[in-house]
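Any read-out appearing in this document is the output of simple, stated calculations on the displayed coordinates, not a laboratory observation. Just so it is clear, the structure is predicted and the values come from calculations on it, not from any experiment. Here the Cβ positions follow ideal geometry from the backbone for every residue, glycine too, while neighbour counts run over all protein chains shown.
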Amino acid sequence: MKHLWLTAWADIIESLRAKWFIVYSGVFGGIVVLLFVFGITESRIMGFTGLTRLLITYIQLTIAILPVFVLITTVRSVAGDREAGVFEYLLSLPISLSAWFWGRFLGRFIVVFLPVFLAMVGAVIWTAIKGADIPWVLFASYTGLLLAVAWCFLGIGMLISTLARSADVAQGLAFVVWLTLLLFLDLILLGIMIREGLPSETAVAISLINPLQVFRTAAMVLFDPQLVILGPSAYIILDNFSEAGYILWAIAYPVLLGTFCASIGYYVFKKGDLP
Amino acid sequence: MIQFNNVKKTFRRTEVLKGLNLNITTGDRIALVGSNGAGKTTMIRCLLGEYTFDGEVLVNGHNPRLERQIVLKDIGFVPQLPPPLKMPVGQLIHFSASLCGSDPQEMIHVAERLGLDFEQLKSRPFVKLSGGQKQKLLISIALGRAAKILILDEPAANLDPDARHIFFQLLAEKKDEAVMLISSHRLDEVAALVNRVIEMDQGLVILDDRVEDEVDLDSVLKTEITIKRVDEAFTKAIKLWKFETDTDFDTAGLVWHGVVAGPDRLRFLGVLSRYAAILKYIHMEERKNA
């Protein structure tokens, strides 16, 4: 356990000094600052104003940015480290492979989750200073969703990093995975597939196993509990899951998927050539 | 201590190790030589448990792949190319010492003997150090712990003559209790350090020979050189070895004095050979330590 935390800490220190982390933190911190600057808290959407309005906008932007950011930075840095000889050297030290792999996973998770989370915390603190109400339930739910989605894509990233032998291939694969998930996010595509004879249950199943879609729908549920935006498909979600049940699914499923992918990654890593 | 039994390693369709058999015992100081692609790095990585392979590698009866921590606790490794680690020097030392169960002060002590100012460098990212500083730090981590097997891949390539001498002294302190496996493209770089030479070519051992090891790792050669005429290229080369010339008007630039580490003699003579045409007189006298 000591070695796992040592590795996690080493990975955090490595990441904090990396350029990608500076860009990554700047993007999420910058989004919140820009949302305040552009007066998003004073504008109104579907009756929401203040921090609630800001969080809704923030989460929508996060859906677009977070998964691809986590995927690309993970595969580039992990596969890049292998290419550059970091694995060769650090794995010559007496550390177990499980402590090394899961330590890196943990360290990387902290690094990718914290800027996103701290940006939200910054918004909450600013709102508190201004004396406005803070929607704690919404804040906690969004925190859970962000945690789940970061964990999920980190797990996928770790799997890709172990399968690809070079940083370029890993980056290409990560893009393909992200674009595939993005493709099935498209309701029009799913609509066409249903029109062409795809059973509607299959379309729903695709949506329920696509972590991007799960995250997106859960974010909608939080500000539109009746899912009016989704139209008739909202019935399937609300009848089968209920509002709270769907949020629970949206947190549990990505976490399980990420853990599953990372576990396969660990198995491949353990069984193959390390550097 | 270390056994390679019919070790074969294939990358896709290329067989890099073709049934390697070796037996290495305590006290062996081995020069592992061979051209690029000979299989040296692959062999080292198999020994470090980093590669999967057919056959068997045993270190004190343990499998380095399955019993990594037991085996690697005894191995100090210096890679040819320093890894681009961004962590500060101080953290790298403490990280390595914690994993190895060693005292970081020992590593710091070795680093300072090699000429590194640890206090000044401890906050700097490892990747920002010069090539020589990186090499010294990796040597400190490998030698500043109770390693019974030292695997050194071109270890002295980036070191200045003073640091090379200290490095040889450090190796001398461990020579009876440790196995040393020193990889190099050129035998003359490491010949004086070793008592056994293993040459590899295309994945096989083509030469495994004991060599004369009367060279004292700790010795130095007090050296005087006279050249026929002042030569700019010679002056530049000899100054890299920290040689100084006479201050007399008649002999300035012609007579040079300095000290060469004992194990470095072949390398030094190799440098001198480039200026054979202008050499007039060479005197080398062996002394115990500097």
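Using just its DSSP H runs of length 4 or more, each adding -39500 (n - 2.57), chain A gives a mean residue ellipticity at 222 nm of -27500 deg cm²/dmol after division by all residues.
A Cβ-based charge dipole, computed about the Cα centre of the protein assembly as shown with Lys and Arg at +1 and Asp and Glu at -1, lands at about 820 debye.
Residue-wise HN-Hα couplings along region B:95-110, as the Karplus relation 6.51 cos²θ - 1.76 cosθ + 1.60 with θ = phi - 60° gives them from phi, are 4, 5, 5, 5, 5, 8, x, 10, 8, x, 4, 4, 5, 5, 4, 5 Hz; Gly and Pro carry x.
Against the longest alpha carbon principal axis of chain A, how many degrees, from 0 to 90 and to the nearest 10, is the axis of helix A:136-163 turned? With both axes taken from Cα atoms, the answer is about 40 degrees. Note on chain B: helix-only mean residue ellipticity at 222 nm, from DSSP H runs of 4+ residues weighted -39500 (n - 2.57) and normalised by residue number, equals -8500 deg cm²/dmol.
Our note on the geometry: Cα centres of region A:125-148 and region B:32-110, 47 Å apart.
With contacts taken as Cα pairs under 8 Å at a separation of at least 6 residues, chain B carries a relative contact order of 21 percent. In order along region B:225-240, phi translates into HN-Hα couplings of 10, 10, 10, 6, 8, 5, 9, 5, 5, 5, 4, 4, 5, 6, 5, 5 Hz, rounded to whole numbers, per the Karplus curve 6.51 cos²θ - 1.76 cosθ + 1.60 with θ = phi - 60° and x for Gly and Pro. Place a label point 7 angstrom from the Cα of A:M1 along the Cα-to-Cβ direction, then list the residues of region A:70-111 whose backbone nitrogen is under 12 Å away. The answer is none.
What is region A:2-271 by shape, rounded, prolate or oblate, if you read a ≥ b ≥ c off the alpha carbon gyration tensor as root eigenvalues and call it rounded for a/c under 1.5, prolate for a/b larger than b/c, and oblate otherwise? Verdict is oblate for region A:2-271.
Farthest towards the positive end of the charge dipole of the protein assembly as shown, among the residues A:G272, A:A140, B:P83, is the Cα of A:A140, using unit charges on the Cβ of Lys, Arg, Asp and Glu. Using θ = phi - 60° in the Karplus curve 6.51 cos²θ - 1.76 cosθ + 1.60, the 3J(HN,Hα) couplings for region A:118-129 round to 5, 4, 5, 4, x, 5, 5, 4, 4, 5, 4, 4 Hz; x is entered for Gly and Pro.
Ordering A:T202, A:V27, A:Y58 by the projection of their Cα atoms onto the charge dipole of region A:2-271, which places +1 on the Cβ of Lys and Arg and -1 on the Cβ of Asp and Glu, puts A:V27 at the extreme positive end. Dividing the mean sequence gap of close Cα pairs (under 8 Å, 6+ apart) by how many residues chain A holds gives a relative contact order of 27 percent.
Placing +1 on the Cβ of every Lys and Arg and -1 on the Cβ of every Asp and Glu, with nothing else charged, gives region A:53-160 a dipole about its Cα centre of roughly 160 debye.
Note on B:R186/B:N6: beta-carbon distance plugged into 1/(1 + (r/R0)^6) with R0 of 25 Å gives a FRET efficiency of 0.30.
Using Cα-Cα distances under 8 Å and only pairs 6 or more residues apart, what relative contact order does region B:231-280 have, in percent?
Relative contact order comes out at 28 percent.
Where a ≥ b ≥ c are the square roots of the eigenvalues of the C-alpha gyration tensor, would you call the protein assembly as shown rounded, which needs a/c under 1.5, or, failing that, prolate if a/b is larger than b/c, or oblate? It is prolate, given that a/c is not under 1.5 and a/b is the larger ratio. Residues whose amide H falls under 5 Å from that of B:D201, counting only those 5 or more places apart or on a different chain, are B:I206, with hydrogens built in the peptide plane.
If packing is taken as the average number of other Cβ atoms within 10 Å across a peptide's residues, how do B:240-249, B:46-55, B:141-150 rank, most packed first?
Packing order, densest peptide first, comes out as B:141-150, B:46-55, B:240-249.
If you build a Gaussian network model of chain A, linking Cα atoms that sit under 10 Å apart, which residue out of A:R104, A:R82, A:R17 swings the most? Result: A:R17 has the largest fluctuation of those listed.
Using the Cα centre of region B:219-288 as the reference point, and only Cβ charges (+1 on K/R, -1 on D/E), how large is the resulting charge dipole? Debye, rounded to the nearest 20.
320 debye
Could you work out which residue, out of B:V197, B:V78, B:V255, moves most in a Gaussian network model of chain B, that is, has the largest mean-square fluctuation with Cα springs under 10 Å? Looking only at B:V197, B:V78, B:V255, the biggest GNM fluctuation is shown by B:V255. Among A:L16, A:L154, A:A250, which residue has its Cα positioned farthest towards the positive end of the charge dipole of chain A, with +1 placed on the Cβ of Lys and Arg, -1 on the Cβ of Asp and Glu, and the dipole taken about the Cα centre? After comparing all options, I get A:L16.
Annotation: amide H-H contacts under 5 Å for B:S219 (H modelled 1.01 Å from N, sequence separation of 5 or more, or interchain): B:G262, B:N289. Just checking the listed ones, A:G103, A:G30, A:G197: in the Gaussian network model of chain A with Cα springs under 10 Å, the one fluctuating most is A:G197.
Which of rounded, prolate or oblate describes region A:95-210 when judged by the alpha-carbon gyration tensor and an a/c cut-off of 1.5? Oblate, since a/c reaches 1.5 and b/c is not below a/b. With the simple spin-label model, which puts each label point 7 Å out from Cα in the Cβ direction, the B:N23 to B:A237 separation comes to 4.4 nm. Counting Cβ atoms of other protein chains within 10 Å of each Cβ in B:72-85 and taking the mean gives 4. Pairs from the table (A:K270/B:K9; B:K148/B:K222; B:K40/B:K148; A:K2/B:K73; B:K128/B:K148) lying more than 23 angstrom apart at Cα are B:K148/B:K222; B:K128/B:K148. Around the amide H of B:G19, modelled in the peptide plane, lie the amide H atoms of B:V7, B:K8, B:K9, all under 5 Å away and 5 or more residues distant in sequence or on another chain.
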